[in-house]
Amino acid sequence: MVSLESARTAAPGETVAGVRGARYAAVFDPSVGIGNAGVRHGVAPGLELDADATWGHVLYDRFPDIDRNIYAGRVGAKAANRKGWAALYGGVGGGYAPAAGGFSALDVGGVVSYPNCYAVPFGSGAAFASVPLGARQVDFRNPDGTLAASDTANTTFGFGLGAGVEIPLDHGRCRQGLTPARVQLGVGGSDLFPTEGKIRTTTVTNGVPMTTERGGHYGAFGFAVGFELPF
């Protein structure tokens, strides 16, 4: 859920750990806060393996009884060209939302950047899919306990675009071809399309259920910041 990196891969035998945070806002829909911690390890020139854990929290004041946390994990790999200005990556993972059930997911993408040891601009794009596992209906209830709406997760496809800059903090290590400690800043957006099509919401008024349709996708845009340290 946080794509914030240049095309550069960890050097062979090198391990890099990092943390990231992001905030995404959506028009007419709840915003999301993200926290992420990950590790990457270089296994060959231009090739690394990655693993990370993510926590997400839906930022919305209504329906406080619903647990709005999301927990996820992912493993993947990234392969860069010889000069390190372009890379392809992919991964598989899954997670759990206490309110809505579990899910599995996969992603593929690419990133281009301008390698240097001072400020590395980058741009990225990715496509992804998520499949519910044991999805549960989520009931949205008014303060008096009456049902306001309900919904259930379904298979969703999406794509994301991002851009940003990495700022190396150790120029000497960078010139040796190793990963320096670095700060990462970026912006990005994602658009998610559920396979059920338009979003159907069932509301109950005076005991009478009514189903409405809207949208058909969820789009969010925001900013992210990160820090990575080799060891």
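Any read-out appearing in this document is the output of simple, stated calculations on the displayed coordinates, not a laboratory observation. Just so it is clear, the structure is predicted and the values come from calculations on it, not from any experiment. Virtual Cβ from ideal backbone geometry, glycine too; neighbours counted across all protein chains shown.
Inter-part distance, segment 131-147 to segment 26-96, computed on C-alpha centroids, equals 26 Å. Spin-label model, V92/L49: points 7 Å from Cα along the beta carbon direction are separated by 1.4 nm.
Looking at the chain, which longest stretch skips every one of the trypsin sites (Lys or Arg not before Pro) that is in a DSSP loop with at most 13 other Cβ atoms within 10 Å, leaving the sites themselves out? Between exposed loop sites, the widest span is 84-197. Taken one residue at a time, the phi angles of segment 67-78 give Karplus couplings (6.51, -1.76, 1.60, θ = phi - 60°) of 6, 9, 8, 9, 10, 8, x, 8, 10, x, 8, 9 Hz. Gly and Pro are set to x. Annotation: amide H-H contacts under 5 Å for T155 (H modelled 1.01 Å from N, sequence separation of 5 or more, or interchain): T195. In sequence order, segment 153-160 has phi-based couplings of 5, 9, 3, 9, 10, x, 9, x Hz under the Karplus curve 6.51 cos²θ - 1.76 cosθ + 1.60, θ = phi - 60°, and Gly or Pro positions carry x. This model, with +1 at the C-beta of Lys and Arg and -1 at the C-beta of Asp and Glu, gives segment 32-166 a dipole about its Cα centre of some 460 debye. Count Lys and Arg as plus one, Asp and Glu as minus one, and take only other residues whose Cβ is under 14 Å from that of F159; the net charge is then -2. Both radii are taken from the alpha-carbon atoms of segment 15-230; with Rh as the Kirkwood radius, Rg/Rh is 1.04.
Each of G160, L178, T15 was scored by the projection of its Cα onto the charge dipole of segment 15-230, and the greatest displacement toward the positive side belongs to L178; charges sit on the C-beta of Lys, Arg, Asp and Glu.
For the chain, set up a GNM with springs between Cα atoms under 10 Å and report which of T156, T54, T205 has the largest fluctuation. Looking only at T156, T54, T205, the biggest GNM fluctuation is shown by T205.
Rounded to the nearest 20, the size of the Cβ-charge dipole of the chain about its Cα centre is 540 debye, with Lys and Arg at +1 and Asp and Glu at -1. The chymotrypsin sites (Phe, Trp or Tyr not before Pro) of segment 12-110 that meet both conditions, a loop assignment by DSSP and at most 13 other Cβ atoms within 10 Å of the site Cβ, are F28, Y60.
Stretching N81 away from R136 to a fully extended chain increases their span by 15.5 nm, per 0.36 nm per residue minus the current alpha-carbon distance.
I want to make sure I understand the PRE zone here: with the label point 7 angstrom from the Cα of N116 toward its beta carbon, which residues in segment 143-184 have backbone N atoms less than 16 Å away? Once the point is set 7 Å along Cα→Cβ of N116, 164-172, 174-175 turn out to lie under 16 Å by backbone N, inside segment 143-184. Highest GNM mean-square fluctuation among Q184, Q176, Q137, for the chain modelled with Cα contacts below 10 Å: Q176.
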